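Here's the structure we're looking at; comments come further down.
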Amino acid sequence: MSLYRDEGVVLRTHKLGEADRIITVLTKRTGKIRGVAKGVRRTTSRFGARLEPFTHVDLQLHTGRTLDVVTQVETIRPYGEALIADYPRYTAGSAMLETADRLIMGEKEPALRQFLLLVGGLRALSAGEHEARLVLDAYFLRSLAVAGYAPALVECARCEGTAVRAFAIVAGGAVCGNCRPAGAAVPAGETLALMNALLKGDWPAADASAARHRAECSGLVAAYLQWHLEHGIRSLRHVEREPAT
Ligand SMILES: [Zn+2]
């Protein structure tokens, strides 16, 4: 039996038997893990409410044959407490947890950049400095980029020309008039600029954007994310090679 420690964000939990729970956690060094928290549903549990979704925790586990077993938990930041009182922030946070879980398919494969993006996204949501939907769209665009699927936004996804006119998910993002496939969306130039600001982390530009461009951006980003999730995002093992530091 070997013990290990890591910190991570609880993505989801489900019941196991009468009193136990299986928790899925995106950790900083180990990647995505699933572990059993024994007796956590009893009122006397020493883990209390620390193993709830959104909570950034410091964990100690011992390696089991199938599932690892949680032996210690300390709360680092209970992001759920800040989010639960505000419905738009809560739903944005829930979408982040679900997306992280779906983008990172393999267990125990280090995904440090995805972990840092998720913690940064939850922190920004709970700080409330930017509109929840902008924080969520920034998280979607950046986590897709880390997974190897950044959309083209400034140059045509097909010919790299700079006169982009349309957005075509199947083509990989913005396209010029010549490369534009039938049925491509034709967003406002400001919408593509907003998507680029969110991808690059240019918050002054993103915060100054107009409501209609935010709405158009959210629609395109959601469709782009959905398409990649449904068409099988490759495991992050192919794109996250750098060692955890
Ligand atoms: Zn083109």
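FYI, it's all coordinate maths here, none of it is from the lab. This is a predicted model, so every value here is computed, not measured. Note that we place each Cβ from the backbone using ideal geometry, even for glycine, and neighbour counts take in every protein chain shown.
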- Item | In segment 134-237, the trypsin sites (Lys or Arg not before Pro) that fall in loop regions by DSSP, at most 12 other Cβ within 10 Å | R234
- Can you pull the semi-axes for segment 1-140, root of five times each eigenvalue of the Cα gyration tensor, sorted largest first, whole Å? 25, 17, 12
- Any idea how far the Cα center of segment 150-215 sits from the one of segment 10-25, in Å? 40
- Query: What residues have an amide H closer than 5 Å to that of A166, excluding those fewer than 5 places away on the same chain, when H is modeled at 1.01 Å from N in the peptide plane?
  - Reply: V175
- Pulled fully out, how much extra length does the chain show between T43 and A19, if you take 0.36 nm times their separation in residues and subtract their Cα-Cα distance? 7.7 nm
- Query: According to a simple spin-label model (label point 7 Å from Cα along Cα-to-Cβ), what is the distance in nm between E98 and C159?
  - Reply: 3.9
- Note on the structure: tail above 14 Å in the computed P(r) of segment 3-80, as % of all Cα-Cα pairs, reads 55
- Message: Rounding to the nearest 10 and keeping the result within 0 to 90°, find how far the Cα-based axis of helix 211-230 lies from the longest principal axis of the chain.
- Response: 60
- Item | Dipole in debye (nearest 20) - segment 128-208, about Cα centre, beta carbon charges: Lys, Arg +1; Asp, Glu -1 | 360
- Two pseudo-spin positions, 7 Å from Cα along C-beta at N178 and at A145, lie apart in nanometres by 2.8
- How far apart, in nm, are the 7 Å Cα→Cβ label points at A210 and Q226? 2.6
- Task: Rounded, prolate or oblate: pick one for segment 45-114, where a ≥ b ≥ c are the square roots of the eigenvalues of its C-alpha gyration tensor, a/c under 1.5 means rounded, and failing that, prolate if a/b is larger than b/c, else oblate.
- Result: oblate
- Task: Just name one of L118, G172, H62: the one whose Cα is farthest towards the positive end of the charge dipole of the chain (beta-carbon charges, Lys/Arg +1, Asp/Glu -1).
- Result: H62
- Message: Please list, by residue number, every one of the trypsin sites (Lys or Arg not before Pro) in segment 16-73 that is coil in DSSP and has at most 12 other beta-carbon atoms within 10 Å.
- Response: R42, R46, R65
- Task: Evaluate the chain: find the radius of gyration of its Cα atoms, find its Kirkwood radius, and give the ratio Rg to Rh.
- Result: 1.03
- Task: Please report, to two decimal places, log10 I(q)/I(0) for segment 130-238 at q = 0.16 Å⁻¹ as given by the Debye formula with identical point scatterers on the Cα atoms and no solvent.
- Result: -0.67
